[in-house]
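Comments concern the structure below.
The values are calculated or read from the model by the stated rules, or taken from the named source; none is laboratory data. Keep in mind that this is a model prediction, so the values were computed, not measured. A quick note on method: Cβ atoms are made from the backbone with ideal geometry, for glycine too, and the neighbour counts reach across all protein chains shown.
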Amino acid sequence: MKVLVTGGAGFIGSHLVDRLLTRNDRVLVIDNYTTGRRDNLTPHPSLTVVEGSITDRDLVDRVFGDFAPERVVHAAASYKDPDNWAEDSRTNVVGTANVVQASKAAGVGRLIYFQTALCYGLQPLEQPITLDHPLLPQGSSYAISKTAGEYYVRLSGLDWVSFRLANAYGPRNLSGPLPTFYHRLTTGKPCFVMDTRRDFIFVDDLIDVVLRALSGRGRLGPYHVSSGSDVSIKELFDATLKALHLTLDRAVEVRPRSADDVYTILLDPSKTNADFAWRVSTPLETGVAAAIDWYKRFGIQQTFTHLKLGGEQK
Ligand SMILES: NC(=O)c1ccc[n+]([C@@H]2O[C@H](COP(=O)([O-])OP(=O)(O)OC[C@H]3O[C@@H](n4cnc5c(N)ncnc54)[C@H](O)[C@@H]3O)[C@@H](O)[C@H]2O)c1
């Protein structure tokens, strides 16, 4: 199969590329390395990497025309500066529109999109969140622009699947609490954890369901990719300590959550479990150990967040 992966040098995209290459697919990546890393991708005879932006309509049309992909996985996104609304709009709205229209022109058989759980708002109305929950992205530029992008995917008339994701983690992940804990613990800086819970999904489990969607399983529409159960940030921190074989002199500080921080975010994965015959299988400690192993080998030059929180540890 010929698969075009936007954002293929990023965390999720590069894991997908690795798996596609091992099953002998031909893969083309477009990435501008805003948050991706060149060393996330290993040269391979079936891999073509185009450095450029999906906001460049001529480039996108040319690349789609030359490669003629059968499937598209649209993983490129802008999120690293919560105040850079223009870049979020350019990449997540205009860039997505470019990718969608080029996919239509190329006769792509299915387009896969990744959506943030923030599309349900900073304070979702129910837990676990079902697919019937209204879209309320107004709390962040990232969510607004990703939701507009998802609407363009919907409008396309293509066969599409939008995976709305819990917190993905694993090797090459540079956002969220795990890389921050690693960085601080290995540079002797103090840490604190928020008194909140989140639903974490190991990247290999996520790629399993993406591959099933690429082979035609599932129906057009949105799906939740999540474990369906939450863990406390303290548990994630403890798993990080264990993977690093560290013990602290005193217990880590647990800070009360701020007014705009939601206690838990739980996505209901039942439709995904049923339609894809899929569920999360990697235990937290195994996944955290794999991520820590990668941080040790490759290092962390920088970490990213789409959040704008006063208490963020940098
Ligand atoms: N990681 C998560 O927990 C999570 C949760 C919800 C949704 N998502 C979505 O999953 C997708 C992949 O996220 P990720 O975690 O791998 O992030 P990532 O930052 O590692 O990957 C995004 C990639 O897109 C590239 N990119 C950014 N702007 C671009 C542009 N204009 N043109 C071309 N490439 C561009 C970046 O360089 C990067 O390689 C994104 O669409 C994101 O919104 C991720």
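So which residues in the stretch 121-136 are of a type in the set (Ser, Thr, Tyr) and without any contact (Cβ under 8 Å) to a residue 60 or more places away in the chain, if there are any at all?
Across the stretch 121-136, there are no qualifying residues.
Give me a count of the residues in the stretch 175-197 that are within 12 Å of the ligand (Cβ to nearest atom) and of a type in the set (A, V, I, L, M, F, W, C).
Residues in the stretch 175-197 being within 12 Å of the ligand (Cβ to nearest atom) and of a type in the set (A, V, I, L, M, F, W, C): 1 in total.
Taking residue 257 and the conditions (1) among the charged types (D, E, K, R); (2) closer than 23 Å to residue 11 by Cα; (3) modelled with pLDDT under 95, which numbered condition does it fall short on, given that it satisfies the others?
For residue 257, the exception is condition (2).
For residue 200, indicate whether it is within 12 Å of the ligand (Cβ to nearest atom) and either closer than 30 Å to residue 297 by Cα or not assigned by TED's automatic domain parsing to the domain that holds residue 259 (or both).
Judged against the criteria, residue 200 is a match.
Within the stretch 208-218, identify whether any single residue is touching a residue at least 60 places away in the same chain (Cβ under 8 Å), surrounded by 14 or more Cβ atoms within 10 Å (Cβ to Cβ), under 24 Å from residue 38 (Cα atoms) and of a type in the set (A, V, I, L, M), and answer yes or no.
Checking the stretch 208-218: at least one residue is touching a residue at least 60 places away in the same chain (Cβ under 8 Å), surrounded by 14 or more Cβ atoms within 10 Å (Cβ to Cβ), under 24 Å from residue 38 (Cα atoms) and of a type in the set (A, V, I, L, M).
Name every residue in the stretch 178-203 that is aliphatic (A, V, I, L, M) and under 21 Å from residue 264 (Cβ atoms), in order of residue number.
Across the stretch 178-203, the qualifying residues are 178, 193, 194, 201.
Quick one: which of 170, 139, 109 is buried (at least 22 other Cβ atoms within 10 Å of the Cβ) and in contact (Cβ under 8 Å) with a residue 12 or more places away in the chain?
Within the list 170, 139, 109, the selection yields 170.
Looking at 18, 58, 25, can you tell me which residue is more than 17 Å from residue 210 (Cβ to Cβ) and more than 8 Å from the ligand (Cβ to nearest atom)?
Criteria check complete, one pass: 58.
If you go through the stretch 80-115, how many residues are touching a strand residue (DSSP E or B) at 6+ places or on another chain (Cβ under 7 Å) and closer than 19 Å to residue 11 by Cβ?
Within the stretch 80-115, residues that are touching a strand residue (DSSP E or B) at 6+ places or on another chain (Cβ under 7 Å) and closer than 19 Å to residue 11 by Cβ number 7.
Of the conditions (1) touching a strand residue (DSSP E or B) at 6+ places or on another chain (Cβ under 7 Å); (2) surrounded by fewer than 17 Cβ atoms within 10 Å (Cβ to Cβ), residue 39 fails just one. Which one is it?
Among (1) touching a strand residue (DSSP E or B) at 6+ places or on another chain (Cβ under 7 Å); (2) surrounded by fewer than 17 Cβ atoms within 10 Å (Cβ to Cβ), the lone unmet condition for residue 39 is (1).
Given the conditions (1) polar (S, T, N, Q); (2) surrounded by fewer than 22 Cβ atoms within 10 Å (Cβ to Cβ); (3) in contact with an Asp or Glu (Cβ under 8 Å, 6 or more places away or on another chain), and given that residue 145 satisfies all but one, which numbered condition is not satisfied?
Of (1) polar (S, T, N, Q); (2) surrounded by fewer than 22 Cβ atoms within 10 Å (Cβ to Cβ); (3) in contact with an Asp or Glu (Cβ under 8 Å, 6 or more places away or on another chain), only one is false for residue 145: (2).
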